[in-house]
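K.L.:
There's a structure below that I have some questions on.
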Amino acid sequence: MCKKIAIYPGFFDPITNGHLSIVTRGLEIFDKLIISILNNPKKAPLFSIDERISMIKQALQDTPNIEVDTFGGLLVDYVIQKKSNIILRGIRALSDFEYEFQMALMNRKLNRDVQSVFLMTDYKWFYISSTIIKEAASFGGDISGLVPEFVNEKLKEKFLQAKNA
C-alpha cells in the first residue's frame with residue numbers, strides 16, 4: 001500500500017492551536033505529515049528556525065507519523081523531493097482563500113503533479129494567526145488557550161528579554 005504523505009508548509013512563528021488542529025485533522029486524511037518551516041531570509045521571525053522546530057516537536061511529541069523539516073526555494077520542488085505530491089493548507093477567512101488560491105494556481109503552473117488540499121480551520125481558531133498572537137503577547141495580552149502553554153511561556157520570555165534589552 002502506498003503511503004499518502006502531505007507537506008504542511010508554513011512559517012509557524014510560533015505554532016498555534018489552529019496549526020495543531022490542522023495537523024490533527026490532516027492525519028485523519030493522510031498517512032504522514034511533514035511540517036515544513038519556510039526559511040525565508042526576507043522575513044524577520046521572532047523565533048529562530050531551531051526554536052520553531054523544537055516547539056513543533058514538543059507540541060506534537062505524542063503524535064505519530066509527523067516529521068518536522070525546513071525548506072527554502074520553491075515549495076513544489078521540495079514536495080517532490082520529499083516524495084509527495086500534496087500540499088496541505090489551512091484556511092480561516094476569505095482573505096486566506098484568495099491568497100491560497102493564487103499560490104495553488106502558481107504551484108499548479110510550476111508542477112501539475114502537485115495538488116493543494118485545503119482544510120477549513122475549526123471555528124474556535126478562525127480569528128487567530130501567529131501574527132495576532134505575537135502582537136497580543138507583546139503587549140502582555142492573555143493568549144492562554146490559543147497556543148500550547150509552553151509556547152505561551154516562550155513568548156513571555158522573548159518579550160521580557162526584548163523589554164530588558
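FYI, it's all coordinate maths here, none of it is from the lab. Computed from a predicted structure; not experimentally measured. Glycine gets a Cβ as well: all are built from the backbone with ideal geometry, and neighbour counts include every protein chain shown.
K.L.:
If the cut-off is 20 Å between C-alpha atoms, which lysines fall inside it for LYS42, apart from same-chain ones fewer than 8 positions away?
P.N.:
LYS134
K.L.:
Separate question: Considering amide H positions built from the backbone, and no H for Pro or chain starts, which residues 5 or more places from ILE86, or on another chain, come under 5 Å of its amide H?
P.N.:
The answer is ILE7, GLN115.
K.L.:
To continue, here is another question. So if R0 is 25 Å, what FRET efficiency would LYS4 and PHE97 give, r being the distance between their Cβ atoms, rounded to the nearest 0.05?
P.N.:
Once rounded, the FRET efficiency stands at 0.60.
K.L.:
While we're on this one: By count of other Cβ within 10 Å, fewest leading, how are SER54, SER48, SER130 ordered?
P.N.:
With the sparsest Cβ surroundings first, the list reads SER48, SER54, SER130.
K.L.:
For ILE49 and GLU28 in the same chain, what is the full-extension length gain: residue separation times 0.36 nm, less their Cα-Cα distance, in nm?
P.N.:
Answer, rounded to one decimal: 4.8 nm.
K.L.:
Could you please rank LEU88, LEU94, placing first whichever residue has the fewest other Cβ atoms within 10 Å of its Cβ?
P.N.:
Exposure proxy ranking, most exposed first: LEU94, LEU88.
K.L.:
What's the magnitude of the charge dipole for region 56-152 around its Cα centre, counting Lys and Arg as +1 and Asp and Glu as -1 at the beta-carbon? Answer in Debye, nearest 20.
P.N.:
360 debye
K.L.:
Within a 10 angstrom radius of the beta carbon, how do LYS158, LYS83, LYS124 rank from fewest other beta carbons to most?
P.N.:
Placing the least packed residue first, the sequence is LYS83, LYS124, LYS158.
K.L.:
Whole-Hz ³J(HN,Hα) for each residue in region 30-45, computed from phi via Karplus 6.51 cos²θ - 1.76 cosθ + 1.60 with θ = phi - 60°, x for glycine and proline: what do you get?
P.N.:
Here the 3J(HN,Hα) series is 10, 6, 8, 10, 10, 7, 10, 7, 6, 9, 10, x, 7, 9, 10, x Hz.
K.L.:
Give the peptides 95-106, 27-38, 111-122 in descending order of average Cβ contacts within 10 Å, highest first.
P.N.:
27-38, 111-122, 95-106
K.L.:
Residue by residue through region 60-68, what is 3J(HN,Hα) from phi via Karplus (6.51 cos²θ - 1.76 cosθ + 1.60, θ = phi - 60°)? Round to whole Hz and write x for glycine and proline.
P.N.:
Coupling constants for region 60-68: 10, 4, 9, 9, x, 6, 10, 10, 10 Hz.
K.L.:
Length gain on complete extension for the stretch LYS57 to LEU105, per 0.36 nm per residue less the alpha carbon to alpha carbon distance?
P.N.:
Full extension of this stretch gives 14.2 nm more.
K.L.:
Taking θ = phi - 60°, what integer Hz values does the Karplus form 6.51 cos²θ - 1.76 cosθ + 1.60 yield along region 131-139, in sequence order, with x for Gly and Pro?
P.N.:
Those phi angles translate into 4, 5, 5, 4, 5, 4, 5, 5, 9 Hz.
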